[in-house]
Amino acid sequence: MGLGVVYKILRSHLKEGELKAGNSIGIQIDQTLTQDATGTMAYLQFESLGLDHVRNELAVSYVDHNTVQVGFENADDHRYLQSVAASKGVVFSRPGNGICHQVHLERFGAPGKTSLGSDSHTPTGGGIGMVAIGAGGLDVALAMAGVPFSIICPKVIEIRLYGKLRPFCTAKDVILTVLAKFGVKGNVNTVFEYTGEGVKTLSIPERATICNMGAECGVTTSVFPSDETTRQFLKAQGREESYTELSADADATYDGLFEIDLSKVVPMVACPHSPGNVKTVAELAGLPVSQVLIGSCTNSSYADLYKAGSILDGNVVSEKVSLGVAPGSREVLGLITADGTLSKFVASGARILESACGFCIGNHFSPCSEGISLRTNNRNFEGRSGTKDAQIYLVSPETAAISAIRGVLTDPTTCGLSEIVLPQVDDFRSDDNMLIFPPEDAKDVQILRGPNIGNPPACQPLSAQINAVATLKVGDKITTDHIMPAGARLKYRSNIAKYATFVFEGVDASFSTRASENRDKGIGNIIVAGQSYGQGSSREHAAICPMHLGVKAVMALSIERIHQANLCNFGILPLTFLDSADYDKIEQGDELVISDAIRQVKAKGNIKVSNMTKGYEFEMALDVSELQRTMLIAGGRLNQIKESI
Ligand code: MIC
Ligand code: SF4
């Protein structure tokens, strides 16, 4: 039986288990990437493994999230990351060099390779035919130590493309069409593989945009074949030697099919507060807009900015709108400077932002109260922008640019704009001056730590009996941004005790005080949640900080993949309700007991829980792999693995 691209790559990297959907498998990871907001913890954990040097093919450490540097904390983190990279054999991408996924695509990604990144948008690499997966920092630390990455062997949905996009209908509109079909939940342990004649009409940045936002569907990754377009892209990056052709066998079979006629795709918009809340731009045209932001790892390539710049050319941004533009990398910034696009932005009144995550993670450029912000990034969760009552709409750069001029959401296909012809770029003129390659001999390298650099978290082994309280009950779609806010709180990523004081800040500001009081009295905390708990980012802090506050279990109707793995990595039981009526019955404050916890976890059956307050017993599923069971008992992955490295 023939194989698709995903299974071909998985097969060539298989280290443990059998390649069959639903099985637990271990795959060898060729490349790792970290970014600063998750990286400090990843390297602290790597350090605690006691290895002198990374063991995987290529490890890159990017600084792109915390570049605002209000106070000393971010700069301390950067200094630590630079020194630990030099000491352990990791390439360091200096602040200003760009957003990790954009730079990785440009300078390191290679078809047929696997990569693991401590950022949920790592699948961007699928645009050049990689199996690129997002995970928590600890999983990436272990991949750097050469430990196979454990995943559930995925089902593969074929997304067959045919036809060709019409002018001003874009890759962003394609992925929003996919999101409209698949939604943001229920796609765990699934991969999207793109096939069909339409593939060759899409450039690498377009493919990367599509793979990037597959993360919003919750899939493990998304992958395109590697073809002549891939070769051209790598050649223009001066890296043609990284090219290999990769395509699905003619008789490859898949677990599902979704067909998209690219010529029928229209401008789309994801409405507040979910990337899955998709409508056509035409449906909402005329909506007044107060802010427009172009950039982020989803849409900040040279092609994206060239098109936006062409639309803005000769126009001034509406006086009702504040427009910001953030090129995805220093390479992109160099290209738009050289070809005059930057001047078009400047002349239009756009505010030029650093090549970094910036606005996307609420680091700056928060909208005004009740502001309506159009953005080209990938997430519009409530409060993520830094303004709780703002309304964030996700659109393509073309829709963003024309709407910035008009001051209202505008469908770019209806404006009589002349078609934009992209200049052919045969040489991206990349230089690696902002990459620091590690020295051959690192014995004199000193690792520099400031007061913001804490210790890796210590996890307690599972206790025989869990006596806890349902400290918080929440509803559906609680994102990691709800659990562990970023924005102004991001600078505490390396300081767990401090960062933990902000857990669930925007949901229930007294949660961390209540939880730490319980912990100090020897009472555990349990979080009760609805569907898709932990969707969004890969931030393991959404597990580490609750662990620090004494959270022993999450009981939810469902839990998203990366977050579920992070909970196991830090010894928190990820329990799911077998009967949704049990979710309805529990009230915040109920006393919950899990007796004989170690035996129950070992036994592989359902977990019995007693609600002492209401006087009844119920069962929860513990749907974890064998490896995760051992981690939960040991009190997390670090405790469990240390002996075997
Ligand atoms: C995000 O887009 O939410 C982030 C910020 O990039 C996160 C990582 C983090 O929280 O540091 C992600 O996507 O994993
Ligand atoms: Fe950065 Fe935003 Fe991309 Fe996350 S989604 S990596 S914050 S640009």
Per DSSP, loop trypsin sites (Lys or Arg not before Pro) in the range 156-186 with at most 12 further Cβ within 10 Å: none
For the range 347-481, shape from the Cα gyration tensor axes a ≥ b ≥ c, cut at a/c of 1.5 then a/b versus b/c, turns out oblate
Three-way shape call for the range 94-169 based on the alpha-carbon gyration tensor, with the a/c threshold at 1.5: oblate
Excluding residues fewer than 8 places away in the same chain, name every one of the lysines whose C-alpha is closer than 18 Å to that of Lys585. Lys473, Lys608, Lys614
How large is Rg over Rh for the range 494-645, taking Rg from the Cα atoms and Rh as the Kirkwood inverse mean of 1/r across Cα pairs? 0.94
I need the chymotrypsin sites (Phe, Trp or Tyr not before Pro) found in the range 56-87, filtered to DSSP loop residues with at most 13 other beta carbons within 10 Å of theirs. Phe72
Convert each backbone phi in the range 304-317 into a coupling constant with the Karplus relation 6.51 cos²θ - 1.76 cosθ + 1.60 (shift: θ = phi - 60°), then list the ³J(HN,Hα) values in order as whole Hz, x for Gly and Pro. 4, 6, 4, 5, 4, x, 5, 5, 6, 3, x, 10, 10, 4
Just to be sure I understand the curve: with the Debye formula and one point per C-alpha of the chain, what is log10 I(q)/I(0) at q = 0.12 Å⁻¹? -1.27
With the cut-off at 14 Å, report for the range 521-582 the share of all Cα pairs above it, as a whole percent. 51 percent
Run the dipole for the range 295-404 about the Cα centre, Lys and Arg Cβ at +1, Asp and Glu Cβ at -1, nothing else charged, and hand back the magnitude in debye, nearest 20. 120 debye
Summing -39500 (n - 2.57) over every DSSP H run of at least 4 in the chain, dividing by its residue total and rounding to the nearest 500, the 222 nm mean residue ellipticity is -8000 deg cm²/dmol
Number of Lys pairs in the range 125-239 with C-alpha atoms less than 20 angstrom apart, excluding same-chain neighbours closer than eight positions? 9
Length-normalised contact order for the chain - Cα pairs under 8 Å, 6+ apart - percent: 14 percent
Angle between the Cα long axis of helix 171-182 and the longest principal axis of the chain, 0 to 90 degrees, nearest 10? 40 degrees
Counting only DSSP beta bridges fully inside the chain, the antiparallel percentage to nearest 5 is 30 percent
If packing is taken as the average number of other Cβ atoms within 10 Å across a peptide's residues, how do 17-30, 387-400 rank, most packed first? 387-400, 17-30
Taking the convex hull of the alpha carbon atoms in the range 260-390, what volume per residue do you get, in Å³? 116 Å³
Phi-based couplings in Hz for the range 521-529 (Karplus 6.51, -1.76, 1.60; Gly and Pro marked x): 8, x, 9, x, 10, 10, 9, 10, 9
Amide H neighbours of Arg160 at under 5 Å, excluding residues fewer than 5 places away on the same chain, with H built from the backbone geometry, are Thr195, Phe258, Glu259, Ile260
When only alpha-carbon atoms count, how far does the range 289-341 stretch along each of its three principal axes, as whole angstroms with the largest first? 31, 24, 13
If you put +1 on each Lys and Arg Cβ and -1 on each Asp and Glu Cβ, how big is the dipole of the chain around its Cα centre, in Debye rounded to 20? 760 debye
Those lysines that a straight Cα-Cα span of less than 19 Å connects to Lys88, excepting residues fewer than 8 apart in one chain: Lys443, Lys642
Convex hull projection area averaged over all views, the range 1-106, Cα basis, nm²: 8.6 nm²
Could you name the aspartates and glutamates whose alpha carbon sits less than 18 Å from that of Lys8, not counting residues in the same chain fewer than 8 places away? Glu16, Glu18, Asp30, Glu158, Glu193, Asp227, Glu245, Asp249, Asp251, Asp255
Built amide H within the under 5 Å cut-off of Val278, gap 5+: Cys271
If each part is reduced to its alpha-carbon centroid, the range 478-528 and the range 36-92 end up apart, in Å, by 24 Å
Kirkwood Rh and Cα Rg combined as Rg/Rh, the range 132-261: 0.98
Using a ≥ b ≥ c from the Cα gyration tensor of the range 167-218 (square roots of the eigenvalues), is it rounded, prolate or oblate, where a/c under 1.5 gives rounded and otherwise the larger of a/b and b/c decides, a/b for prolate? prolate
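A short reminder: the numbers here are calculations on the coordinates, not readings from a lab. None of the values given here were measured: they were computed from a predicted structure. Positions of Cβ are generated from backbone atoms using ideal geometry, with glycine treated the same way; all protein chains shown enter the neighbour counts.
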